[in-house]
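Have a look at the structure below, then the notes.
Values in this text are rule-based calculations from the coordinates and carry no lab data. Bear in mind the structure is a predicted one, so any value in this text is a computation, not a measurement. As a convention, Cβ positions derive from the backbone with ideal geometry for all residues, glycine included, and neighbour counts pool all protein chains shown.
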Ligand code: NDP
């Protein structure tokens, strides 16, 4: 478990469902919960909150045993709009309270709208509708402005981090401000599920050697690297054997030297969209009502 800056505890290892089609989501989340994951990361924009909720309710676990995180999409930014976005997400998930609600992206060209959206998160937090609030894909320049114009320091910043893109300055900024880093594409999914020039982190020979030394897989080594550096990780899979593999990481430890060797693989090349290029014109899409 990892403690957030407001004292709330959440699992260090969660389960992601980006690009998991709705018709596969119930099985994937059910498999994760059976395996032992107790943190699920979804988003309004993923179109599968309803199925995540169904899997949670069908699991037989008590609501308070599962930490549910979701994200507000940019088309729902603005104070009233974001308050309503909570109703949409909570309605689809079938929950009264969301454990962690975050803004999916900054809107650098419309930052006032981003601030208004965050103020709605603060209101939801004050009203106990959410247990923690945070952001995603915020760079230090966005965080600086957010911190100066709002009251509550985000509990989490969910950003792209894997061995080929480490964002060390951003991670340090988060640490300095008590913002917990949460790694998306933690095993480098974005390096191999997109057609691109980047090679796959899963086939990296350096990671492969470390994995062999521990009798573990490359994915397991990368997840361990995040956790040992104090970051949360939310690997995604629809494959039960991989879902289990990614959770089987609590019986080995990387050395300080091995952590440093993985750090050194950083290419500085981002796989996901450039945060400053996010606009409602380019990335906008309507989020349906619950
Ligand atoms: P991941 O690094 O989790 O990689 C997922 C890919 O790796 C899938 O193609 C999956 O295939 C495959 N895979 C999973 N486990 C293994 C394994 N052990 N061995 C080999 N292949 C494996 O990338 P994601 O981009 O999905 O990121 C994880 C989560 O982060 C997302 O689901 C989402 O919750 C969040 N995210 C957030 C973003 C944001 O902007 N805030 C952006 C992107 C992701 P398969 O499913 O076929 O098994």
Taking residue 157 as meeting all but one of (1) part of a loop (DSSP other than H, G, I, E, B); (2) without any contact (Cβ under 8 Å) to a residue 60 or more places away in the chain; (3) over 16 Å from residue 218 (Cβ atoms), write down the number of the exception.
(1)
Which residue out of 24, 19 is surrounded by fewer than 18 Cβ atoms within 10 Å (Cβ to Cβ) and over 23 Å from residue 156 (Cα atoms)?
24
In the range 27-51, what count of residues is obtained for those that are under 28 Å from residue 115 (Cβ atoms), part of a helix (DSSP H, G or I) and touching a helix residue (DSSP H, G or I) at 6+ places or on another chain (Cβ under 8 Å)?
2
Tell me, which residue of the range 1-10 that is in contact (Cβ under 8 Å) with a residue 60 or more places away in the chain and either assigned to a loop (DSSP other than H, G, I, E, B) or touching a helix residue (DSSP H, G or I) at 6+ places or on another chain (Cβ under 8 Å) (or both) is farthest from residue 228 (Cα to Cα)?
6
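Here is a yes/no grid of residues against (1) loosely packed, with under 14 Cβ neighbours inside 10 Å; (2) at positive phi:
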site	(1), (2)
187	no, no
207	no, no
221	no, no
227	no, no
251	yes, no
255	yes, no
268	yes, yes
Answer with yes or no whether residue 211 is more than 7 Å from the ligand (Cβ to nearest atom), outside any helix (DSSP H, G or I) and either free of Cβ contacts under 8 Å to residues at least 24 places away in the same chain or surrounded by 20 or more Cβ atoms within 10 Å (Cβ to Cβ) (or both).
no
